[in-house]
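Everything on this sheet refers to the single structure shown next.
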Amino acid sequence: MISKPGYRNSLKSIIAVLVLLCYGATAVADEETEAAAEYSKGANQCMACHREGRDKEAHEIFLTPMGISRSPDSPFADGNHDCEACHGPSDTHRKKQKDGTRLLPAVTFNHKTPVETQNEICMTCHADGNRMHWPGSMHEEEEVACASCHAVHAPQDPALDKLAQQEKCFSCHPRTRSETFRNSSHPLRFGEMTCSDCHNPHDGNNDSLLIRSTVNDTCYTCHAEKRGPFLWEHAPVTEDCTLCHNPHGSNHAALLKQRPPLLCQQCHSPAGHPSTAYTSEFEDDPWQQRFLMGRSCANCHSQVHGSNHPSGVTTTR
Amino acid sequence: MNKFIRNFGFSVSALLPALLLSMPSPSVQAQETEPSIYSCKACVRYVGWRGTLDFGLGYVSEDSLKFGDYRGLEEEGFYVALDGDIHFRNLEGRYFDLYARDLGYDSRQLKMRGGNTGFYELRFGWQEIPKYRGYGTQTPLLGVGSDYLTLPADWVYSSSTAGMTELQSSLAAVALKTERRTLDAGATLNFTRNWSYRIDYQRQEKKGSRTLGGGLYMNNATIAPAPVDFTTDQFDMALAWSGKRAQLQLGFIGSYFDNGNDSLTWQNPFSANSKIAFFRAGLEPDNEFYQFNLSGAFAFTPRIRLSGQASMGRLSQNDSFIPYTINPYYSDLSLPRSSLDAEMDTSTFNLAGKLFARVNNRLSFTARGKWDERENKTPVDTYTPIVTDLVPVLDRYNRPYSYEREQYSADLRFKAHRSVRLSGGARQENIERTLQAAERTEETTYWGEVRANPFVSSQLRFKLESSSRDVSDYLQPDDGGPVDHPLMRKFHQADRDRERVMVELDLMPVGALGINLSYFQAKSDYKNSDVGLQESNDESYSINLNYAVGTKLNLYAFLTRDDIDADMLNYAGADDIPWQAVTSDRITTFGIGLSSRINDKSSIGFDYVSSDSTGNISVQTSLEEDPFDPLKTDLTNAKIHYDREVNDHWGYKLYAEYEKYSSRDWAIDGLGVDGLGSVLTMGEQSPEYSAWYLRVQASYRF
């Protein structure tokens, strides 16, 4: 057991050690900051090595809108340190070490720099518009780096190309890729649509990172005819399109999760044809087959999204 | 091609770059800011025009509407293959980009943007997407594409398709197709470093024809080709302010839908009775939607941030009603109003939004709240529907559904160790509905996740989620219509327990090789539903391989297996005879491919995908009936391309694609238009094809 004076002395010693450690750590940190804070003399020096034909060529950034700009926010604007505007002060990277190796730039856009640090660099200039809600968003919390999807040195950023963008998304969402090859799917594999037509990967507010506040509002951007309001509404339609449809792809027509009549019979069971068991025996039954074959329920009830016909209460017209 | 020129208007495409490049220089302040690139001697200055034009011929080996779906290559023969991209840059920061794809096909795309980086941008786009809506379809109805369809003069009426003796001789093939044309135009102006304004306009036109079932007469129905003539104009604009610690955006969305046809009228093939010689179905009414958005974010400190969004809008529809029926016997039956005058307010608030706080480098916390409301103010009246054009049903009143949805969530993420992250959270979703069986459902979800790096260059992720949904009361509404079985619980308003599991393992055994293994399962138990959906199970297994050697070679392979099962129970109405349906979909998708830069002059790529799916359905009563024949869809697609640069300006591109598709669907195969005695269908069949697409293009670079 420690006596009181001994306890006080020990406490003083611990505090002293902590103060020294903190001071020392601060001093070391300051030295590192100071050492790392040196900028090179700009792109002229960077491009001497990273020119076309070299292993880590970066010349194509001058093919992008970011590469040549009069905007004072451009990395290449006067005083903005060119390449080091993003890669941080990296004069030490320019000089070879005694062992022939080079120190890395202050910021590299790969696994050697923490994702948070990488993204902070990008968000310095790109925190506006639909990236406003990036902090705390699903992708941010999953530590997705901006550079995982975007290639700022490439003449055309793959994230802005309909087919290349999908490949980026599918690398983390492999099931969605397979869904696009199903019997019924949106035309992603043909390059006529892409993920960002419905999803905003930078968003943090809407469900499933959708571009609109709700699922239905997102679907209505291309399917406004289903918006209504109709005289005779079909309740689940007004609530959520995904109750019946799988937007990424389905084994059944019209992206339906289940095929009629079973899709409809999951919710409808009045006496009569809605609740009849349409077994395989009915395929050739001249009386019952109209409820099962062809378009099944939709042989008659084709206006399932709602009807504005005064007699359309059963969605048949 | 002429059609394209007429539709798109090359004058517009020619004017835009000229307009962009003739715009006045940016502000004086900008002119005084000399980019340091001027002093960079090692920097390559890509100024002026450059681009690539690819032009040649493509050949399709087989007629197939399904192969032409979205591609615009439905007929055997030659097509003009025209692609390209054009770019302009100057040292003042002005730029122009044009991307063109498949200009010679019906699925063409064109996209342009230009401006001065950091000051303004103008955008323009055009896209056409063809979509076929039935394969092998035929009809005896005349006037396809219009809103008035008649039968041939010598038509023989019968109460059954078997008795329509002139049916076969009257049939004409109909390629049910819609074409979506989308025009985009937009601009972004950066007034100052903090203020910007964006406006985007889009016009979507969807024209063509589709199937529409209806025309109830006694026990009969008809599938008719219905016209599609939709036009939607959308405006999306936003005024934004952006500072270092705060951002604010005020936006407006307007969407205006117009249907060129308010109804479809077609001749009754089952009876010549003059009172019901024609049927008339209503088509989608015009509607308008607008919404104002206010979105903002504020960083109290670099680690504590509050953001939110509020949206308020209104959806309205006031198309004139058509009469109850075309039957002249009821011509005096008056409607309660001449149009619906429907109005619905929509609002979404994320006002409390998201409080995002990083307590320190190891712990972060996120809380969210969202309120979403649809308040339907449509007037309620009593109607006397004449459902089959013969006899009125009991009076019914319309039911304008409203709902409110509340969502709250809180997540914690903790880095327990340099290589271990623990996360967990809770979510609550409450939905209140009007005029429906379940007035309120409450669902609580808890989840936890472990993410670890057990070895160097590996990551394991394991996530568990458990949710429980409770329904306050389930009382079937009395709306004067058919009454469900008293034990029915509609699946989205039923008590439910759901468990989700996700496991992912990422490995990088050597620097160039990446392996991803993943498993996902969502299992739902509708625990208190005696009638309706009982259980559903959704499982997916996936393996992905990627091998990249610098920028020279990239190899990939993937295999995904999806199993989707559902189990439902129902009662055959008054007889109270229970029956069960079990469905399962099995889908296996496999792909392999490579892309390689062979040398400085040539590159090659290859992609192969096969997707096989089987759908099994078994509906059984106490008689233990046989299951249905499996639904089958098999797709095989292989693509290869070879690009070669011959000299500084010229090159060529070779492309070959093979696709084999076969499908079987017991519900339509072999039926023909008269396969159902009481329904005159359009004879749709499951598509099947095996087609090659070959393309040779000369490539000119400048």
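The numbered conditions (1) crowded, with 19+ Cβ neighbours inside 10 Å; (2) in contact with a strand residue (DSSP E or B) (Cβ under 7 Å, 6 or more places away or on another chain); (3) farther than 22 Å from B:Ser107 by Cα are all true for B:Gln204 except (3).
Out of curiosity, is B:Asp479 outside any strand (DSSP E or B), in contact with a His (Cβ under 8 Å, 6 or more places away or on another chain) and either within 11 Å of chain A (Cβ to nearest Cβ) or of a type in the set (A, V, I, L, M, F, W, C) (or both)? No: the conditions fail for B:Asp479.
Put simply, of B:Asp262, B:Asp286 the only residue that is among the acidic types (Asp, Glu) and within 24 Å of the chain's Cα centre (by Cα) is B:Asp286. Entry remark, the stretch A:107-135: residues being assigned to a loop (DSSP other than H, G, I, E, B), out of contact with any Gly (no Cβ under 7 Å at 6 or more places or on another chain) and crowded, with 18+ Cβ neighbours inside 10 Å number 6 in total. Tell me, yes or no, whether the stretch A:65-74 has at least one residue that is closer than 16 Å to A:His126 by Cα, of a type outside the set (D, E, K, R) and at pLDDT 85 or above. No: zero hits. Does the stretch B:570-593 include one or more residues that are in contact (Cβ under 8 Å) with a residue 24 or more places away in the chain, more than 11 Å from chain A (Cβ to nearest Cβ) and at negative phi? Yes, there is a match, as at least one residue in the stretch B:570-593 is in contact (Cβ under 8 Å) with a residue 24 or more places away in the chain, more than 11 Å from chain A (Cβ to nearest Cβ) and at negative phi. Residues in the stretch A:203-217 that are away from chain B (no Cβ under 12 Å) and not small (Gly, Ala, Ser): A:Leu209 alone. Within the option set A:Cys297, A:Cys264, being crowded, with 20+ Cβ neighbours inside 10 Å and either among the hydrophobic types (A, V, I, L, M, F, W, C) or at pLDDT 95 or above (or both) holds for one residue only, A:Cys297. Being more than 20 Å from B:Gly591 (Cβ to Cβ) and either at the interface with chain B (Cβ under 9 Å from one of its Cβ atoms) or among the basic types (Lys, Arg) (or both): is that true of A:His133 here? Judged against the criteria, A:His133 is a match. Of everything in the stretch B:656-683 that is among the polar types (S, T, N, Q) and within 28 Å of B:Ala638 (Cβ to Cβ), the residue that is nearest to the other protein chains (Cβ to nearest Cβ) is B:Ser663. Can we say A:Asn80 is under 16 Å from B:Ala42 (Cβ atoms) and either more than 7 Å from chain B (Cβ to nearest Cβ) or outside any loop (DSSP other than H, G, I, E, B) (or both)? Here the answer is no, as A:Asn80 does not meet what is asked.
Taking the criterion of being surrounded by 21 or more Cβ atoms within 10 Å (Cβ to Cβ), farther than 19 Å from B:Tyr397 by Cα and either at pLDDT below 95 or among the acidic types (Asp, Glu) (or both), the residues of the stretch A:226-248 that qualify are A:Arg227, A:Glu239.
The strands (runs of 3 or more DSSP E) located wholly in the stretch B:232-339 that include 3 or more residues which are at the interface with chain A (Cβ under 8 Å from one of its Cβ atoms) occupy B:246-259, B:278-282, B:287-301, B:304-317. Checking B:Gly68, B:Gly84 one by one, the residue that is under 30 Å from the mean Cα position of the chain (by Cα), crowded, with 19+ Cβ neighbours inside 10 Å and not charged (D, E, K, R) is B:Gly68 and no other.
Does the stretch B:576-594 hold any residues that are touching a Leu at 6+ places or on another chain (Cβ under 9 Å) and either over 30 Å from B:Ile640 (Cβ atoms) or not in a strand (DSSP E or B) (or both), and which are they? Answer for the stretch B:576-594, where residues must be touching a Leu at 6+ places or on another chain (Cβ under 9 Å) and either over 30 Å from B:Ile640 (Cβ atoms) or not in a strand (DSSP E or B) (or both): B:Pro578, B:Trp579, B:Gln580, B:Ala581, B:Thr583, B:Asp585. Checking each residue in the stretch A:158-178 for being over 22 Å from B:Gly72 (Cα atoms), within 11 Å of chain B (Cβ to nearest Cβ) and not hydroxyl-bearing (Ser, Thr, Tyr) picks out A:Leu160, A:Glu167, A:Phe170, A:Cys172, A:His173, A:Pro174, A:Arg175, A:Arg177. Only residues that are at the interface with chain B (Cβ under 7 Å from one of its Cβ atoms), outside any helix (DSSP H, G or I) and under 20 Å from B:Ile564 (Cα atoms) were counted in the stretch A:260-283, giving 2. Residues that are among the aliphatic types (A, V, I, L, M) and over 24 Å from B:Phe257 (Cα atoms) occur in the stretch A:205-227; there is at least one.
With respect to B:Arg314, is the statement that it is modelled with pLDDT under 95, closer than 28 Å to A:Leu210 by Cβ and either touching a helix residue (DSSP H, G or I) at 6+ places or on another chain (Cβ under 8 Å) or surrounded by fewer than 17 Cβ atoms within 10 Å (Cβ to Cβ) (or both) true?
Here the answer is yes, as B:Arg314 does meet what is asked.
Looking at the structure I just gave you, is A:Thr242 over 17 Å from the mean Cα position of the chain (by Cα) and more than 9 Å from chain B (Cβ to nearest Cβ)? For A:Thr242, the condition - over 17 Å from the mean Cα position of the chain (by Cα) and more than 9 Å from chain B (Cβ to nearest Cβ) - is met.
Kindly indicate which of B:Tyr547, B:Tyr608 is modelled with pLDDT under 95, closer than 27 Å to A:Phe181 by Cβ, more than 8 Å from every other protein chain (Cβ to nearest Cβ) and within 33 Å of the chain's Cα centre (by Cα). Within the list B:Tyr547, B:Tyr608, the selection yields B:Tyr547.
When the stretch B:113-162 is limited to residues that are part of a loop (DSSP other than H, G, I, E, B) and of a type in the set (D, E, K, R), the one that is farthest from the chain's Cα centre (by Cα) turns out to be B:Asp154. The listed residues are A:Ala77, A:Ala58, and the only one of them that is surrounded by fewer than 22 Cβ atoms within 10 Å (Cβ to Cβ), among the aliphatic types (A, V, I, L, M) and at pLDDT below 90 turns out to be A:Ala58. For the condition surrounded by 13 or more Cβ atoms within 10 Å (Cβ to Cβ), modelled with pLDDT under 55 and closer than 30 Å to B:Tyr132 by Cβ, B:Val12 qualifies. Restricting the stretch B:118-157 to residues that are out of contact with any Ser or Thr (no Cβ under 8 Å at 6 or more places or on another chain) and of a type in the set (Ser, Thr, Tyr) leaves a set whose member that is farthest from B:Thr182 (Cα to Cα) is B:Thr150.
The values are calculated or read from the model by the stated rules, or taken from the named source; none is laboratory data. Because the structure is predicted, anything quoted here is derived from the model rather than measured. Counting neighbours? That spans all protein chains shown, and the Cβs are built from the backbone with ideal geometry, glycine included.
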